[in-house]
Amino acid sequence: MKETIKLGLVLFIFTAIAGGVLALTNDFTSPIIAEIEKEASFNSLAKLFPEADDFKEIDEELLGNIKGKYAPIIEAHEALKGGETIGYSFKTESSGYGDSPIVAITAIKSDGTLAGIELVSHSETPGFGKQMEEDKFKDTFKGKTTETELIPVESPSSENEVMLITGSTISSKGILTGVNAAREVYRENFSN
Amino acid sequence: MKLTEIFKNGILKDNPVLVQLVGLCSVLAVTNTVLNAASMALAVIAVLVCSNVVVSLLRKVIPKKIRIPAFIVIIATFVTIVEMLMKAFAQPIYQSLGIFIPLIVVNCVILARAESFAYKNKVFISAMDGLAMGLGYGVAVILLAFIRETIGAGTLFAGTDFVINVFGKGYQPIAMFVGPSGAFIVLGILVAVFKNIIKKSEEKAIN
């Protein structure tokens, strides 16, 4: 009995010291890590809104309501320039052809046109759905309308048409699920 | 025990990967690029040396009956420290190694060295043993990654500023070598070649 207590105590001292050391390390590294993560998520936002000087998360309660209604939405930010809103960005998650969902950011300018899209992560097939990473695909979203549903076509021309990647209809439609959800949310909550 | 012997054991005779075949899970996973393998090797070396030093320092304090949990606490502490530091100062590498950094805790190389060496030897020599075993691990994973990256991706040192397209731009990579099956095949061949070399050198020593 006595020995058991002694052993337990020794092990307790070990874990307590280990905990203390880890707490110190965490104290030192966690602000740096938080800074890096914030920068990483701002980097893709900054690509979509190059003129913005700050990004603000939208009101938590509103985001909760939006998420309840539109399943693909996971985050929403307001892009600011000198304190004025110049647009909104929506991070969405929708299923494509790959195992993990397509996570993308859709940026919408205050004038109601699309500023563009950026991909955060996906697992679409290389050579097929993966082509959505390329600028020639992403660029077809720029300047498109938010008024009506966007549809994928092989050679987009009108203001609600974006590029359909040949042979990857499911991937093309998958990313559009997210973009269209972002578009609806914008129209419903943020357009004037 | 002499230093040269310790290093000879760690890198050649008792090489943790190529001879003892321990800790293979991470070996197979991180050797798709040389950069990943080298970063993983550095993390393993850091943890091995630190845990060996601390275990050796505390070898008279740790009661024999609870030595294994004590070792695990020490190892897990260092792994977590390495993980936090990597996350803060080498984010891209941390992301490409992912889960395999925390999994160093259960890499049997480290627990085995604590149990069979550091718990019985003085501090300096234990640190050297950690370094030698870590180098043995490093040599093996970098060699493996070198072969897999060259054949499987046609590049070397991808992810650094010194990327080389080994066979020129037109090379069609054999993707299997980047996958797990390729890892097993290359590792098998490496182990065979390594055993053969060691056997020959031993025969030579006898004659």
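The values are calculated or read from the model by the stated rules, or taken from the named source; none is laboratory data. All of these numbers come straight from a predicted model, not from anything done at the bench. For neighbour counting, all protein chains shown are included, and Cβ atoms are generated from backbone atoms with ideal geometry for every residue, glycine included. We work out accessible area using only protein heavy atoms, side chains counted, and drop any ligands, DNA or RNA first. Shrake-Rupley method; radii C 1.70, N 1.55, O 1.52, S 1.80 Å.
General observations
- Scanning segment B:19-37 turns up no residue that is part of a helix (DSSP H, G or I), within 14 Å of chain A (Cβ to nearest Cβ) and at pLDDT 90 or above.
- Hits in segment A:103-113 (condition: open to solvent by 40 Å² or more (accessible area, probe 1.4 Å) and part of a strand (DSSP E or B)): A:LYS109
- Residue list for segment B:126-163, restricted to those being open to solvent by 60 Å² or more (accessible area, probe 1.4 Å) and farther than 28 Å from B:VAL53 by Cα: B:PHE146, B:PHE157, B:GLY159, B:ASP161, B:PHE162, B:VAL163
- From the list A:PHE55, A:PHE141, the lone residue that is in contact with a Leu (Cβ under 7 Å, 6 or more places away or on another chain), of a type outside the set (Lys, Arg) and over 18 Å from A:LYS38 (Cα atoms) is A:PHE141.
- Of the residues making up segment B:51-74, those that are within 11 Å of another protein chain (Cβ to nearest Cβ) and of a type outside the set (Val, Ile, Thr) number 8.
- Tally, over segment B:11-60, of residues that are within 17 Å of B:GLY98 (Cβ to Cβ) and free of Cβ contacts under 8 Å to residues at least 24 places away in the same chain: 0
- Subset tally (residues that are open to solvent by 20 Å² or more (accessible area, probe 1.4 Å) and β-branched (Val, Ile, Thr)) for segment A:80-95: 2
- Flag for A:PRO31 being under 30 Å from A:SER121 (Cβ atoms), more than 12 Å from chain B (Cβ to nearest Cβ) and loosely packed, with under 12 Cβ neighbours inside 10 Å: no
- Condition check for B:ILE74: open to solvent by less than 40 Å² (accessible area, probe 1.4 Å) and without any contact (Cβ under 8 Å) to a residue 60 or more places away in the chain: yes
- Of residues in segment A:34-67 being open to solvent by less than 70 Å² (accessible area, probe 1.4 Å) and without any contact (Cβ under 8 Å) to a residue 12 or more places away in the chain, the one nearest to A:ALA115 (Cα to Cα): A:ALA46
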